[in-house]
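Down below is the structure, laid out as structure tokens.
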Amino acid sequence: MLGKLFVVLVLSVYNGHCLSEIRLEDRHFTYIRHEHLGTSMSIPKHFEDTLSSCHVIFPNGVMYEVYPRNTIPHQNVFPASGVQPFQSCGIEFRNVGVEFSGVYELLSTVLHSADNSLSLTRQRNHMVVIESDFRSDAA
């Protein structure tokens, strides 16, 4: 996956695009595990700009492609859905276990319509998953 990101950067330079890197502030949040609850993390972009690629680095250090091709192998972790021009870099979690706690880093490559430049935006998301103390079959 890191190779794909490198190829995108090389092609950008080859095509004459200027690439700038943007680091967003770290985000910390807690997710309560339950079959009817979910959470998400995403990097916003302007609707006139085009998402070129989106990758996520899991807490174990493995990088997966999220957009344009989803390679995340976990059933309860999936890309945030959207249609062009509103597609942004994001992933969603639903009913994941406490073993999914950790730091996730999103990497979003966006082509800007205003000046035809590319930006690589990075954001680290610190997620803590806790078990719920309520049941879905409460009477």
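The values are calculated or read from the model by the stated rules, or taken from the named source; none is laboratory data. Just so it is clear, the structure is predicted and the values come from calculations on it, not from any experiment. Methodologically, a virtual Cβ is constructed for each residue, glycine included, from the backbone with ideal geometry; neighbour enumeration extends over all protein chains shown.
Restricting to segment 95-139, and then to whatever is among the polar types (S, T, N, Q) and modelled with pLDDT under 95, can you tell me which residue is nearest to Asn60 (Cα to Cα)?
Among those that are among the polar types (S, T, N, Q) and modelled with pLDDT under 95, it is Asn95.
Quick check on Asn125: is it at positive phi, in contact (Cβ under 8 Å) with a residue 12 or more places away in the chain and out of contact with any helix residue (DSSP H, G or I) (no Cβ under 8 Å at 6 or more places or on another chain)?
no
If the requirement is being closer than 24 Å to His28 by Cβ and either modelled with pLDDT under 95 or surrounded by fewer than 17 Cβ atoms within 10 Å (Cβ to Cβ) (or both), which of these qualifies: Glu92, Glu48?
Going through Glu92, Glu48 in turn, the sole match is Glu92.
All but one of (1) closer than 27 Å to Cys18 by Cβ; (2) in contact (Cβ under 8 Å) with a residue 60 or more places away in the chain; (3) in contact with a Ser or Thr (Cβ under 9 Å, 6 or more places away or on another chain); (4) not in a strand (DSSP E or B) hold for His36; state the number of the condition that does not hold.
(1)
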